[in-house]
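The values are calculated or read from the model by the stated rules, or taken from the named source; none is laboratory data. Small disclaimer: the values here were computed from a predicted structure and weren't measured. So basically every Cβ, Gly included, is an ideal-geometry build from the backbone, and we count neighbours across all protein chains shown. For the accessible areas, the whole protein counts, side chains as well, though only heavy atoms, and no ligand, DNA or RNA atoms are used. Shrake-Rupley method; radii C 1.70, N 1.55, O 1.52, S 1.80 Å.
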Amino acid sequence: MGEDAGPGDFGQLLRGYRSSAGLTQEELAQLSGLSVRALSNMERGRTRPSARSVRLVADALGMGQHARAQLLQARYDSADGPAGGRPGTDLDRAYKQSAAPRQLPAPVRHFAGRENELKVLTGLLDQAGAQGPGTVVISAIGGTAGVGKTALAVHWAHQVASSYPDGQLYVNLRGYDPGQPMSPAEALAGFLRALGVPSQDIPPEQDERSALFRSLVAGRRMLVILDNARAAEQVRPLLPGTPACMAVVTSRDSLAGLVARDGAVRMELDLFSLSDAVALLRTLIGGRVDADPDAAATLASQCSRLPLALRIAAELAAARPAVNLACLVGELADAQQRLDILNAGGDPHTAIRAVFSSSYQNLSQPAARLFRLTGLHPGPDATVNGAASLAGISAGTARRLLDALSRAHLLTEQVPGRFGSHDLLRAYAIEHATTTGSSTGRRAALRRLLDYYLQTATAADRLLYPLRRRIALAAAARGVTPDDLASHAQALAWLDAEHRGLLAAVSLAADNGYDVHAWQLAFSLETYFYRRSHWHDWAATQDVALAAAYRLGDRYAQTLAHSGLASAQIQTGRPAEALTHLARALRLREEAGDVHGQGRVHIHASRALEIQGRYHETLAHAQRALVLAKAAGTPALPLQAEALNSAGWALAQLGEHHQALGYCQQAVALNQQLGNKHSHPAMLDSLAYVHLQLGHITQAASCYRRAIELFDELGHRYPKAEALACIGDAQHIDGNLSAARQAWTQALAILDDLHHPDAEHLRARLREPAGRFPTLAFYGSRFQTRNGQG
């Protein structure tokens, strides 16, 4: 079908296609609506056909896209006069008669940051040159609304414009504007006009325009910026087909199809670093940033380090030169009010709320609902199952919707399986969550979220402390999908990741009338807070739990909350307050006839008294706990081991080391028999201490080493530091000064990370010359490791 015809011989090509279709000129004229004479003149090269005539012929012949493009290109490549005249191409003439297009918008004033991204883009340019013919590099720049995608693309385009002497084309595809996105056909018409094609010669069909565009740029070095694209289908017809050209696409969508099918190189544009955000503010508003660097840093954070928000805030500051930055920071303190303040005078293209809205309005209804509901989530991010529970949908459906929100850059998959957003987007989600739908629906979603947290946190607690006494949980609502935690490590990782969200969930439950969830969730977090040395968080959540228990009139919950709060207060050095709460807890346990629970309260009391140096009373409470634990039988065997350990520790403090050794050895043996890893390292630590007092250096060091291994395995940070310090003492006594210094240094690193006051105690020891290290350096504050919480 015209294979023998050259691409520039339109008549020969047309004649070949007609003959292959088995049509005479008369038959083709009838099918196309053209005259026989017009067709004859086309085939003999006497006239140059119009684009409309070519389309009519192609339709009549039933041509596919490739054949149409070949015929259209041949029409432009054909001679402009009668056959035999001096050949010359309209394509070349059209290009030469028009200046090379320079369509780039003006670069953004005071461009800042993005050094790495600029290097990546330039690297792609160099890579394209090195790979040679056959390579078309497409860089798809994606990111959330207002993150500076267009600014980056245009800034870089101006930097490299000289590498594209044949011109730079730019189009705003209006993918997220309030109106309809620009069609590829409309964008192609603009490109063709810029390349010198008269309006009357622009083909009506998109495929024909695309083919003509590629013909015009073939062999040219041109840069094409396709800004604000909605989807890959909007972009593909606009891509040049020549290795000398480069296309850069910006979009809020990830354009996964463009990457997979067209070989685009995707660049995800993140928020500014804090230093880059402050640098942009400094560039925009000058010395006021350096005059109050703390306020400038806070302002950058309030703007979520989002370039558009930073520029709006800078404009606000510049419009009020007499007002210091601290005042503006105060005005922006409320996250919801920020959306109103950062409105850029109501400009729909730059007001933060309007910019976010353009992405939100393009979501499917289910994705928009899930985005709104994320505003109810109290944490910085959510798991797939957390989001599924919030919306009352399956995990698979939630994953698909989260992926859609991630592609739209309304959420970010910050780590695999966890989705969150910056503060301004979060405020926007909260705004929609509180104004869309019914209060009944919002409460149902909140209830499901609290059920998700309670069910998963309780499962995590049981993995951390399998022998802990269980509580009967509130029944979960339908549609709740807890995370499936299979190991101690997974439980600790989930709790670490959800730490902020769990803290907020306890208060959220209490504030919204879910008091059962409030106290039970606080209870489920005790082991975690103890393990990670989050003692102030422990105390704060137990305060909330105690108030919730009294509102409910639940005496069992009151007992647990009094005990939990006392345990936290012991760890934070408030033993007198702890003893007050323990007295109330003991009274409640006695009224309930709970022997086991009474023994647990006595253990807590022994620890509080130990801090005060009241070792005889410490011993008395430990021995009372031992009696009660034996009376409670098999379920209280873990408590019995803790009571033996507490009694042994108290005896050691009273100087009764040989008697203490027996108690501590019994505790270790019983705990080992029970397989109770939660308390075992603390009991080994106590035994090691007694061995050290008796001069049993080798036995002490062995117990400390095993304790350190278990503390590390369980995630006990402060007790591990204690044990490291003590093994350093043992090694120092044994004359191994180098090993002692190494152990103390490791302990100091943990204490510094915890911002613990004991760090200064160790730091002072390490400053001493090696020969002057005092012995037993670290026993001044060793109450924490005796036993865990109950």
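Evaluating Lys720 against the criteria (1) open to solvent by less than 20 Å² (accessible area, probe 1.4 Å); (2) closer than 24 Å to Thr527 by Cβ; (3) touching a helix residue (DSSP H, G or I) at 6+ places or on another chain (Cβ under 6 Å) leaves one unmet condition, (1). For the range 516-550, a tally of residues being part of a helix (DSSP H, G or I), open to solvent by 20 Å² or more (accessible area, probe 1.4 Å) and under 20 Å from Ala682 (Cα atoms) returns 1. Filtering the range 475-503 to residues that are crowded, with 17+ Cβ neighbours inside 10 Å and either part of a helix (DSSP H, G or I) or in contact with a strand residue (DSSP E or B) (Cβ under 9 Å, 6 or more places away or on another chain) (or both) leaves Asp483, His488, Ala491, Leu492, Trp494, Leu495, Ala497, Glu498, His499, Gly501, Leu502, Leu503.
Does Ala561 meet the test of being assigned to a helix (DSSP H, G or I), of a type in the set (A, V, I, L, M, F, W, C) and open to solvent by less than 10 Å² (accessible area, probe 1.4 Å)? It is true that Ala561 is assigned to a helix (DSSP H, G or I), of a type in the set (A, V, I, L, M, F, W, C) and open to solvent by less than 10 Å² (accessible area, probe 1.4 Å). The helices (runs of 4 or more DSSP H) falling completely within the range 291-368 that include 3 or more residues that are out of contact with any Asp or Glu (no Cβ under 8 Å at 6 or more places or on another chain), closer than 24 Å to Leu402 by Cα and open to solvent by less than 70 Å² (accessible area, probe 1.4 Å) map to 352-360.
Condition check for Tyr704 on (1) open to solvent by 40 Å² or more (accessible area, probe 1.4 Å); (2) assigned to a helix (DSSP H, G or I); (3) at pLDDT below 90: one failure, at (1). Being surrounded by fewer than 19 Cβ atoms within 10 Å (Cβ to Cβ), under 19 Å from Glu498 (Cα atoms) and at pLDDT 95 or above is a condition met by no residue of the range 373-393. Checked against (1) over 28 Å from Leu546 (Cβ atoms); (2) buried (at least 23 other Cβ atoms within 10 Å of the Cβ), Thr618 passes all but condition (1).
Take Val601 and tell me if it is assigned to a helix (DSSP H, G or I), β-branched (Val, Ile, Thr) and open to solvent by 10 Å² or more (accessible area, probe 1.4 Å). Judged against the criteria, Val601 is not a match. Of the residues making up the range 626-648, at least one is polar (S, T, N, Q) and without any contact (Cβ under 8 Å) to a residue 12 or more places away in the chain.
Of the numbered criteria (1) open to solvent by less than 50 Å² (accessible area, probe 1.4 Å); (2) at pLDDT below 85; (3) within 47 Å of the chain's Cα centre (by Cα), the one Pro105 fails is (2).
All of Ala185, Ala231, Ala194 fail the test of being of a type in the set (A, V, I, L, M, F, W, C), more than 17 Å from Arg102 (Cα to Cα) and either surrounded by 19 or more Cβ atoms within 10 Å (Cβ to Cβ) or at pLDDT 90 or above (or both), apart from Ala185. Residue count for the range 667-701 under the criterion of being in a helix (DSSP H, G or I) and either more than 44 Å from the chain's Cα centre (by Cα) or surrounded by 24 or more Cβ atoms within 10 Å (Cβ to Cβ) (or both): the result is 21.
What tally of residues in the range 162-181 results from selecting those that are more than 14 Å from Thr150 (Cβ to Cβ) and open to solvent by 20 Å² or more (accessible area, probe 1.4 Å)? Steps first, answer last, please.
Restricting attention to the range 162-181, the residues satisfying the condition of being more than 14 Å from Thr150 (Cβ to Cβ) are 162-169, 178-181.
Going one step further and asking which of them are open to solvent by 20 Å² or more (accessible area, probe 1.4 Å), we end up with 162-163, 165-166, 178-181.
Here the count works out to 8.
If a residue must be of a type in the set (A, V, I, L, M, F, W, C), open to solvent by 30 Å² or more (accessible area, probe 1.4 Å) and more than 32 Å from the chain's Cα centre (by Cα), how many such residues does the range 736-757 contain? Can you show your working first?
Residues of the range 736-757 of a type in the set (A, V, I, L, M, F, W, C): 737, 739-740, 743-744, 747-751, 754.
Filter once more, keeping what is open to solvent by 30 Å² or more (accessible area, probe 1.4 Å): 737, 749, 754.
Restricting the remaining residues to those that are more than 32 Å from the chain's Cα centre (by Cα) gives 737.
Total meeting the criteria: 1.
Listed here are the residues, each with its yes/no results for (1) farther than 21 Å from Ile202 by Cα; (2) open to solvent by 10 Å² or more (accessible area, probe 1.4 Å); (3) out of contact with any Pro (no Cβ under 8 Å at 6 or more places or on another chain).
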{"residue": "Leu216", "(1), (2), (3)": "no, no, yes"}
{"residue": "Pro243", "(1), (2), (3)": "yes, yes, no"}
{"residue": "Val248", "(1), (2), (3)": "yes, no, yes"}
{"residue": "Val259", "(1), (2), (3)": "yes, yes, yes"}
{"residue": "Gly263", "(1), (2), (3)": "yes, yes, yes"}
{"residue": "Ser273", "(1), (2), (3)": "yes, yes, yes"}
